[in-house]
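J.: Following this message is one structure expressed as structure tokens.
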Amino acid sequence: MGAGIEDRLLGRVRELGSVAVAFSGGVDSALVLAAAARALPAGRALAVIADSPSLARAELGAARGIAAGLGVELAEVATAELAVPGYRDNAGDRCYFCKQAVLGAVGDLALRRGFAHVATGTHADDHRALHRPGLRAARELRVVEPLAEAGLGKGDVRALAAEWSLAVADKPSTPCLASRISVGVPVSLGRLGLVERAEIAVGARLAEAGIRPRDLRVRLLGAGFRVEVDGPAHAAVEARPGLAAAVVGELGGLGLSGPGVVAAYRAPALAPPP
């Protein structure tokens with residue numbers, strides 16, 4: 001990791017004077033928070049996490065630990081994305097309405113607490129994606145993007161996080177629970193809870209078989225559901241006769257309806273329409 005990238009990031013954050021970081025507990029926002037803790041005087045950085053039904057409880061707990069480890073206050077703000085029709089409808093631009101709600105709430109808190117800016121963990125590679133409606137909401141709300149502005153891509157983010165010994169340096173991407181619901185299938189409190197319970201159940205069932213996936217998603221489709229795990233984990237499941245069927249059967253018992261399948265994990269985060 002060249003000193004230039006680190007210096008550019010710290011310099012950009014230092015220019016902000018004070019910042020509330022929209023924090024998810026992932027490596028991107030954690031690196032921004034760590035940079036703020038390094039570059040700004042004590043008390044001039046604040047982590048803010050949106051606590052909503054789309055945030056898995058395990059992720060909330062992990063985020064608390066990361067912020068505490070960095071010595072930065074974590075504020076938890078309740079958000080109500082499910083009250084927004086565009087979010088619930090899930091027509092392909094759900095992330096726009098989500099970011100409007102989440103970043104709007106972070107911005108309101110930042111204003112009340114006297115922080116000059118709201119920052120996200122958006123990096124340079126995010127701007128190369130073909131479909132990122134959430135970025136439009138961030139632009140409209142004038143959110144700053146220190147990683148992107150300093151020219152850091154995802155590889156740079158992970159490398160610098162490792163250099164700074166951040167515990168999440170190698171953490172897989174963990175998008176919100178709503179990302180598991182296929183476009184065109186409305187987002188509801190029941191479906192979000194079902195996804196969270198299903199992923200916990202699959203993780204536990206595979207752990208019993210000695211398989212611990214790095215990536216795990218349970219996607220709700222228009223008809224049925226799909227369990228996705230990373231390539232090595234999928235190969236391990238396939239090598240055990242009956243395991244995939246057992247996983248699918250267990251999820252049926254939890255309330256997932258329609259045909260189910262265990263498959264290799266694939267991007268993008270939004271499950272494709274059936």
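The values are calculated or read from the model by the stated rules, or taken from the named source; none is laboratory data. Please read all numbers here as calculations on a predicted model, not as lab measurements. Note that each Cβ is placed from the backbone with ideal geometry, even for glycine, and that neighbours are counted across all protein chains shown. Surface accessibility is based on the protein's heavy atoms, side chains included, excluding ligands, DNA and RNA. Shrake-Rupley method; radii C 1.70, N 1.55, O 1.52, S 1.80 Å.
J.: Can you tell me which of (1) closer than 23 Å to residue 175 by Cβ; (2) in contact with a Phe, Trp or Tyr (Cβ under 9 Å, 6 or more places away or on another chain) is the one residue 223 doesn't meet?
T.: (2)
J.: Further question on the same structure: Within the stretch 213-235, track down each residue that is out of contact with any Pro (no Cβ under 9 Å at 6 or more places or on another chain), assigned to a helix (DSSP H, G or I) and in contact (Cβ under 8 Å) with a residue 12 or more places away in the chain.
T.: 231
J.: Does residue 42 count as aliphatic (A, V, I, L, M) and open to solvent by 50 Å² or more (accessible area, probe 1.4 Å)?
T.: So residue 42 passes the test.
J.: Which one of these does residue 186 not meet: (1) in contact (Cβ under 8 Å) with a residue 40 or more places away in the chain; (2) touching a Leu at 6+ places or on another chain (Cβ under 9 Å)?
T.: Against the list (1) in contact (Cβ under 8 Å) with a residue 40 or more places away in the chain; (2) touching a Leu at 6+ places or on another chain (Cβ under 9 Å), residue 186 comes up short only on (2).
J.: A further question on this structure: Return the total of residues in the stretch 1-35 being in contact with a Lys or Arg (Cβ under 6 Å, 6 or more places away or on another chain) and either outside any helix (DSSP H, G or I) or charged (D, E, K, R) (or both).
T.: Final tally of qualifying residues: 1.
J.: Let me ask something else. Is it the case that some residue within the stretch 193-212 is out of contact with any Lys or Arg (no Cβ under 9 Å at 6 or more places or on another chain), closer than 18 Å to residue 58 by Cβ and outside any helix (DSSP H, G or I)?
T.: Checked against the condition, which is being out of contact with any Lys or Arg (no Cβ under 9 Å at 6 or more places or on another chain), closer than 18 Å to residue 58 by Cβ and outside any helix (DSSP H, G or I), the stretch 193-212 yields at least one hit.
J.: Still on this structure: Among the residues of the stretch 45-54, are any crowded, with 19+ Cβ neighbours inside 10 Å, in contact (Cβ under 8 Å) with a residue 24 or more places away in the chain and touching a Gly at 6+ places or on another chain (Cβ under 8 Å)?
T.: Yes.
J.: Say whether the condition of being open to solvent by 20 Å² or more (accessible area, probe 1.4 Å), touching a Cys at 6+ places or on another chain (Cβ under 9 Å), over 22 Å from residue 31 (Cα atoms) and not hydroxyl-bearing (Ser, Thr, Tyr) is met by at least one residue in the stretch 140-157.
T.: Scanning the stretch 140-157, I find no residue that is open to solvent by 20 Å² or more (accessible area, probe 1.4 Å), touching a Cys at 6+ places or on another chain (Cβ under 9 Å), over 22 Å from residue 31 (Cα atoms) and not hydroxyl-bearing (Ser, Thr, Tyr), so the answer is no.
J.: Across the stretch 168-184, which residue is farthest from residue 224 (Cα to Cα) among those that are hydroxyl-bearing (Ser, Thr, Tyr) and either open to solvent by 50 Å² or more (accessible area, probe 1.4 Å) or assigned to a helix (DSSP H, G or I) (or both)?
T.: So, considering only residues that are hydroxyl-bearing (Ser, Thr, Tyr) and either open to solvent by 50 Å² or more (accessible area, probe 1.4 Å) or assigned to a helix (DSSP H, G or I) (or both), the one farthest from residue 224 (Cα to Cα) is 173.
J.: Please specify each residue of the stretch 105-138 satisfying the condition of being loosely packed, with under 15 Cβ neighbours inside 10 Å and more than 17 Å from the chain's Cα centre (by Cα).
T.: 108, 111, 112, 113, 114, 116, 128, 130, 136
J.: Okay, moving on. Name, by its number, the condition in (1) more than 17 Å from residue 196 (Cβ to Cβ); (2) at pLDDT 95 or above; (3) within 27 Å of the chain's Cα centre (by Cα) that does not hold for residue 251.
T.: (1)
J.: Say we look at the stretch 6-27 and pick out the residues that are open to solvent by 30 Å² or more (accessible area, probe 1.4 Å) and touching a residue at least 60 places away in the same chain (Cβ under 8 Å); which of these is nearest to residue 84 (Cα to Cα)?
T.: Result: 24.
J.: Collect the residues in the stretch 236-247 that are assigned to a helix (DSSP H, G or I) and either open to solvent by 40 Å² or more (accessible area, probe 1.4 Å) or in contact (Cβ under 8 Å) with a residue 60 or more places away in the chain (or both), keeping them in residue-number order.
T.: The answer is 238, 245.
J.: For residue 187, are the conditions met, namely being touching a Phe, Trp or Tyr at 6+ places or on another chain (Cβ under 9 Å), closer than 21 Å to residue 95 by Cα and open to solvent by less than 50 Å² (accessible area, probe 1.4 Å)?
T.: Spelling it out, residue 187 is indeed touching a Phe, Trp or Tyr at 6+ places or on another chain (Cβ under 9 Å), closer than 21 Å to residue 95 by Cα and open to solvent by less than 50 Å² (accessible area, probe 1.4 Å).
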